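The values are calculated or read from the model by the stated rules, or taken from the named source; none is laboratory data. Quick caveat: nothing in here was measured; it's all calculated off a predicted structure. For neighbour counting, all protein chains shown are included, and Cβ atoms are generated from backbone atoms with ideal geometry for every residue, glycine included.
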Amino acid sequence: MSPHDSRLPDHPTTAGRHIPDRLTSPAARALKSWEALLLVVAIAIFIMNAMASPWFLDPWSLSDATFNFTEKAMIAFAMAMLIVAGEIDLSVGAIIALASTVMGVAMSAGAPVPVLVLLGLGTGLACGAFNGLLVARFGLPSIVVTIGTMSLFRGISYIVLGDGAFTGYPAGFAWFGQGYVFWVVTVELVIFALAALAFGILLHRTNFGRMVYAIGNNATAARFSGIRVDRIRFILFLLTGLMSGVAAICLTSRLGSTRPSIASGFELEVVTIVVLGGVSILGGSGTIPGVVLAALVMGLVTFGLGLMNVPGIVMSIVVGALLIGVIALPRLLAMARGR
Amino acid sequence: MQATPPAADGAPVLSLRDIVKTFPGVRALNGVRLDLFPGQVTALIGENGAGKSTIVKILTGIHQPDEGRIIVDGTETRFPTAQAAGAAGVTAIHQETVLFDEMTVAENIFIGHAPRTRWGLIDRRAMRRRAKEILAGIGADLNPAARLRDLGIASKHLVAIARALSIDARVVIMDEPTAALSHKEIAELYELVEKLKAQGKAILFISHKFDEIFRIADRWTVFRDGAFVAEGLMAEATEAGLVRMMVGRSVDQIYPKRPARIGPPALTVAGYCHPTEFEDITFTLHQGEILGFYGLVGAGRSEVMQALFGITRPSKGACRLGDQVRVIRSTAQAVAAGIVYVPEDRGRQGTVKGLPIFQNVTLPSLARTSRAGFLRLAEEFALAREYTQRLDLRAASLDQDVGLLSGGNQQKVVIAKWLATKPRIIILDEPTKGIDIGSKAAVHDFMSELAAQGLAVIMVSSEIPEVLGMSDRVIVMREGRIAAEFTGDDMTPENLVRAAVGIEGAAA
């Protein structure tokens, strides 16, 4: 330290009162949390499904059920951090389309599997960097930027493919979307679990995560506290792009083909999972465990309805109603209590 | 000191008596009076916070007084809405009137009270004709059908004035009307005021600039700290007398300023410029010193401080910290260099509401409380505990949302946050504005202690007793420039106000 450094004395001059660190323990808080409610909902839906269909409890059908949410949930973790920070990325479905198209072009040219994977991840990162640059560097609102890039990225994919499709991915590539690590545990499920762990640690256990919360609650005050707000926003877009790249690899591998319409509408389903998980759409609050539970709830509901042969359009109505219902519930309870 | 109200030539068109207005925690007006006479300009004079804007809002029906009477033409009345004030003939030309760029001049003038046809539709022809008349009345040659966005700023200002006069105004309030005008436009405004006087309108003229007041006002009224001080005729007034009444109070509050040993320079700012906010700011700050920055609101003090803190970048100029030249491009760099800033706007810039107290305190110190980028809550609580106790924070727990604290305690959290970074230079912008007496004393006491420890302190304040009571040296800013610097016995209320409002010549 330089000689100009001036330090405060070690003894306090005003006898401050003792302030307790906490009044409620973290455990007590968790019990009353949104996540606890989601867990109850998930268990209830699980039991309802088990009673409604004799095939539900079969390990292999449960394993199949995970494909309903794994790809979306991977993106949802990154999206959750982005929304906590007060931003949003609506271009994630389009990023998947573009990344899948890039992989398709490379596959047609005879590129080996590791190259395809690197290209998928690289395209995701590049798209995320583009979004992040426009938002963090030029200060444009993320909702506008990503609505624009949503058309842009998918548009490129349409130009390349037209009505066509890339098919004939090498056998080794199928492992990501169709392979099993152990018994009924799919590769995608493992990637989902690892992503949940990594993003959970990043958001809840690191300085970076703390700054994300600070930015989401008050970006101006965060900047006035010496936080590099723009840098963090850029990194969050980069992460969302990267996870979209991972999802592109899984989805392309599972489908075994690339069409320009791949993953259309993904962005809204991802945002639905995030919001259902208790992340405030206004930014500033929400947790990764909540998003994990929301992904499970969504997966269970769509799979259960599928087992009961409910048509897709009704399924989306149910999901919409579920979203509004769960979001409205706490407010309705608060209003009832206020009376 | 109360002057006898001069004999009025005619009865006042509008009078306020015993007006009291209280906002949560603040008594903005405490029994003030004001008289406005037809064909005369009354200047309302007072420091920042004297209650001038509140009186304008009461006159225009935006705020309701808690007590007191509004008398128009000898009859007591009330202005429950802005429309009611307009109907009584009271209109205001604000510093920044909201105009609509996409609408025409005539539409802007008549927004909200356009002439109607008998079918209830807007009578465009009548509107244009009357707009033309009003514009001609103030000597403005503008096409009523022109779109506002195609006009220059001066023309827009004329439209704002025309809008104010479009109701059949008898009382015209001008709140710092020259703040954004050039010399030529100011001269034109004076002509306009003469015209309005000739038409028998009563004008309330609010300005900080003494030359203007002496140029166009007929009468004066001084407010101080929300109270009426005196009134009189301009012809009988002197600058020195008005300044004394504005400042008025004796500096008798006890400030806990301890004598500090002034050390070597901690910060040297040379020729800082900004395209719009300030120009040629040069000063030196020493270790152990409290340097006060005084000026009127809008003089550019906060803008200079925010440039030093890396919020904005100066277009020119350099700053030296100790003996190294540093370029500060971001707040992160400022904090790393040991410069911290306690902002005036606590709610927006100071605290992160939604995060608990301890997380607010540790936000800039996370690198110290964490290990390899991972949070360590025990360390955070320890740091937060240390500094919040030192500032005598009152809170239920450190895990409590900072937004639930009172203003004074929020300020303590902001200061604790910065002290935990062990800064070399601390800039406090209006540190005690809007906080309770107890917290005020704690903040003052702590500032003094910091300086005694050898920290360099800059205190921006609009409160003269605070500036004089706490500072070793005072810099006065006016219109983006350093107007004067005072030390020792020259640090008097009169000198500060003179420099801030721009009165030339020696102190009285």
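Miscellaneous remarks
- Candidates B:T331, B:T282: the one that is on the phi < 0 side of the Ramachandran plot and within 14 Å of chain A (Cβ to nearest Cβ) is B:T331.
- Note on segment B:311-364: among residues that are within 21 Å of the chain's Cα centre (by Cα) and among the basic types (K, R), the one that is surrounded by the most Cβ atoms within 10 Å (Cβ to Cβ) is B:R346.
- Of the residues making up segment B:444-460, those that are surrounded by fewer than 23 Cβ atoms within 10 Å (Cβ to Cβ), more than 9 Å from chain A (Cβ to nearest Cβ) and in contact with a Ser or Thr (Cβ under 8 Å, 6 or more places away or on another chain) number 1.
- Test for B:T362: is it modelled with pLDDT of 95 or more, touching a helix residue (DSSP H, G or I) at 6+ places or on another chain (Cβ under 6 Å), of a type in the set (S, T, Y) and closer than 21 Å to A:R231 by Cβ: yes
- Residue satisfying all of: in segment A:145-168; of a type in the set (S, T, Y) and assigned to a helix (DSSP H, G or I); nearest to A:A97 (Cα to Cα) among these: A:S157
- Failed criterion for A:F192 (all others in (1) over 18 Å from A:L239 (Cβ atoms); (2) assigned to a helix (DSSP H, G or I); (3) not acidic (D, E) hold): (1)
- Any pair with Cβ under 8 angstrom, 6 or more apart, that starts in segment B:373-389 at a residue that is at the interface with chain A (Cβ under 9 Å from one of its Cβ atoms) and closer than 12 Å to A:N207 by Cβ and ends at one that is surrounded by fewer than 17 Cβ atoms within 10 Å (Cβ to Cβ) and modelled with pLDDT of 95 or more: B:F374/A:R205; B:L375/A:R205
- Considering A:L31, A:L125, A:L98, A:L57, the condition of being farther than 30 Å from B:S397 by Cα, without any contact (Cβ under 8 Å) to a residue 24 or more places away in the chain and away from chain B (no Cβ under 14 Å) is satisfied by A:L57 alone.
- Test: residue in segment B:295-310 that is of a type in the set (D, E, K, R), over 25 Å from the mean Cα position of the chain (by Cα) and under 21 Å from B:F486 (Cα atoms): no
- Taking helices (runs of 4 or more DSSP H) as the structural unit, those lying wholly within segment B:270-369 and holding at least 3 residues that are assigned by TED's automatic domain parsing to the domain that holds B:Q389 and farther than 24 Å from B:L405 by Cβ correspond to B:301-308, B:331-336.
- Of all residue pairs spaced 6 or more apart or on separate chains, none has beta-carbon atoms under 6 Å together with a first member in segment A:217-235 that is without any contact (Cβ under 8 Å) to a residue 12 or more places away in the chain and more than 7 Å from chain B (Cβ to nearest Cβ) and a second member that is part of a helix (DSSP H, G or I) and among the polar types (S, T, N, Q).
- Some residue of segment B:403-412 being of a type outside the set (D, E, K, R), at the interface with chain A (Cβ under 9 Å from one of its Cβ atoms) and buried (at least 18 other Cβ atoms within 10 Å of the Cβ): no
- Within segment A:157-212, restricting attention to residues that are of a type in the set (F, W, Y), surrounded by 16 or more Cβ atoms within 10 Å (Cβ to Cβ) and farther than 19 Å from A:L251 by Cα, the residue that is nearest to the other protein chains (Cβ to nearest Cβ) is A:F208.
- Checking every residue in segment B:427-441 against the condition of being within 9 Å of another protein chain (Cβ to nearest Cβ) and either in a loop (DSSP other than H, G, I, E, B) or closer than 26 Å to A:V229 by Cα (or both) gives zero matches.
- Of all the residues in segment B:314-328, those that are of a type in the set (K, R) and within 14 Å of chain A (Cβ to nearest Cβ) number 2.
- Residues in segment B:285-309 that are within 13 Å of chain A (Cβ to nearest Cβ), surrounded by 22 or more Cβ atoms within 10 Å (Cβ to Cβ) and among the small types (G, A, S): B:S302 only.
- Criterion (assigned to a strand (DSSP E or B), within 16 Å of B:D429 (Cα to Cα) and within 22 Å of the chain's Cα centre (by Cα)) met by exactly one of B:I482, B:I475: B:I475
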